[in-house]
Structure formats: C-alpha cells, structure tokens
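The values are calculated or read from the model by the stated rules, or taken from the named source; none is laboratory data. In this text the structure is predicted, and so the values were computed from the model without any measurement. Neighbour counts are summed over all protein chains in view; Cβ atoms, including those assigned to glycine, are modelled from backbone coordinates with ideal geometry. When the accessible area is computed, the model is the full protein with side chains, heavy atoms only, and any ligands, DNA or RNA have been set aside. Shrake-Rupley method; radii C 1.70, N 1.55, O 1.52, S 1.80 Å.
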Amino acid sequence: MHYNILEVILFVFFIALFVTVIFRQLKLSVILGYLMVGALVGPHALGVVPDTPRINELAEFGIVFLMFTIGLEFSLMRLLALRASVYITGILQILLSIIFTTIVGKLLGMTTLGAVVIGSIVAMSSTAIVAKQLNDQLELHSPHGLFALGILLLQDLAVVLLIILIAGLNSTR
C-alpha cells in the first residue's frame, strides 16, 4: 500500500506510543520497543514504511536530532576529565574487536574487506541505547557511567576513521 509521509509519521508515532506504554508497564527498556516497532513497520515486514529516499532523509534527520540530544547530555570539561584510561581502554576495545573478528572472518573464508567491515560493526556500540539505559538506571553520572560514555563517544569518533579505512581498502581492490 502507498501512504503519504504524514500518514506514515502519524502511524509510527501512534504505534511507538502504544509500545511505550506497554514496555513501561512491563518495566522493559523502551528502546527495545522502538527497535521492535521499526522492524515491524519497516519495508521488510508489514511494509507500512517504504524504503524510499524521502523516508531515508527523514531517518537521517532523526539521527541528527538523536545525536544533538546526546550532545546535550555531555559537557566538554567532563569529557576531558575522563582521563587517559578511558581512551586507552576504548582504543584497545575497538582494535581488539576488529582484529579478533577479522581473524575469525578470514578463517571462515571472508575477504579481508568483508572481515574488516564486520569487525568494525562488532567493535561499535550504540551510544543512544547505552546512554538511555544508564539514565534510566540513574547511573549516567556515576564513575562507571562516565567511563562507559567516554568509551562510547570514542567509538562514535572512531566511526569516521573506520569509514575512511574501509573506503581505502575498497579502493585498492
């Protein structure tokens, strides 16, 4: 079926509201409910939300708002005060995850590029989901919450470098 963009947005908001109420009653993470709604109404399930350039632009706009909201939670001074241990741990986590997954991928017969891409995906976490969960548990500003957020933000910055690395590996093919 074909729906106009306003109908799609209203339908998704209605379903998300419904799922939010249910997940809060069950004391489950609302983020999981939103992921479920996205998978359900997307083009590969019910097909309410089609895979069109307009929907992709709307999704990108949503990601910009999400990143802006995450940015509001953090101050530059707090991030600078996280100490080198956070950055060392974060860099080691990213590198070791990529290296281990790439080795496993190569052993399974994947190409180097494919294995590095999968390794890069495995190395990343969702800052939005973890920040929301820490906030829900009132641990966002605890020492371990700040440590985790420092690593997550480092991963967010590493995405740019990984995209450049993957593009470079792809161009040498």
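Out of Leu32, Leu162, Leu108, any idea which swings most in a Gaussian network model of the chain, alpha carbons joined below 10 Å?
Top of the fluctuation ranking is Leu108.
So what J values fall out for the stretch 88-96 if you push phi through Karplus, 6.51 cos²θ - 1.76 cosθ + 1.60 with θ = phi - 60°, rounded to Hz, Gly and Pro as x?
Karplus values, whole Hz, x for Gly and Pro: 5, 4, x, 5, 4, 4, 5, 5, 5.
Once you place label points 7 Å from the Cα toward the Cβ at Asn135 and Phe18, how far apart are they in nm?
Result: 2.6 nm between the two label points.
Choose one answer from Gly42, Gly90, Gly145: the residue with the largest mean-square fluctuation in a GNM of the chain with alpha-carbon springs under 10 Å.
Per the Cα network of the chain with a 10 Å cutoff, Gly42 tops the list.
Evaluate E = 1/(1 + (r/R0)^6) for Glu57 and Ile121, where r is the Cβ-Cβ distance and R0 equals 30 Å; express this FRET efficiency to the nearest 0.05.
0.80
Just name one of Ile163, Thr127, Phe100: the one whose Cα is farthest towards the positive end of the charge dipole of the chain (beta-carbon charges, Lys/Arg +1, Asp/Glu -1).
Phe100
Per the Kirkwood definition applied to all pairs of different Cα atoms, how many angstroms is the hydrodynamic radius of the stretch 100-173? Each step should come with its number before you reach the end.
Details: mean 1/r = 0.0723 Å⁻¹.
Kirkwood radius, the stretch 100-173: 13.8 Å.
Can you list the HN-Hα couplings for the stretch 37-51, worked out from phi with the Karplus curve (6.51, -1.76, 1.60; θ = phi - 60°), rounded to whole Hz and with x for Gly and Pro?
Coupling constants for the stretch 37-51: 4, x, 5, 6, 8, x, x, 9, 10, 6, x, 5, 9, x, 8 Hz.
With the crude spin-label approximation of a point 7 Å out along Cα→Cβ, what separation in nm comes out for Ile88 versus Ile5?
Result: 5.0 nm between the two label points.
Normalised by the number of residues in the chain, what is the relative contact order in percent for Cα pairs under 8 Å and 6+ residues apart? Write out the running numbers ahead of the final one.
Details: 121 pairs, mean separation 30.4, N = 173.
That works out to 18 percent.
Tell me the mean residue ellipticity at 222 nm calculated for the chain from its helices only (DSSP H runs of n ≥ 4, each -39500 (n - 2.57), averaged over every residue, nearest 500). Let's see the in-between values first.
On the way: 8 runs with 135 residues, N = 173.
The helix contribution divided over the chain gives -26000 deg cm²/dmol.
Direction-averaged shadow area of the convex hull around the Cα atoms of the chain, nm²? Walk me through the intermediate numbers first.
Numbers: hull surface 51.4 nm².
Taking a quarter of the hull surface, the average projection is 12.9 nm².
Expressed as a whole number of Å, what is the distance separating the alpha-carbon centroids of the stretch 98-167 and the stretch 14-61?
23 Å
Full extension from Leu26 to Ala45: what is 0.36 nm times the residue separation minus their Cα-Cα distance, to one decimal in nm?
4.4 nm is the gain from fully extending Leu26 to Ala45.
Which FRET efficiency value, to the nearest 0.05, is calculated for Val64 and Leu107 with the Förster distance at 45 angstrom and r the Cβ-Cβ distance? Could the numbers behind the result be given before it?
Working: r = 39 Å, r/R0 = 0.86.
According to the calculation, E is roughly 0.70.
Send over a whole-number figure in Å² for the accessible area per residue of the chain, probe 1.4 Å.
For the chain, the per-residue accessible area is 68 Å².
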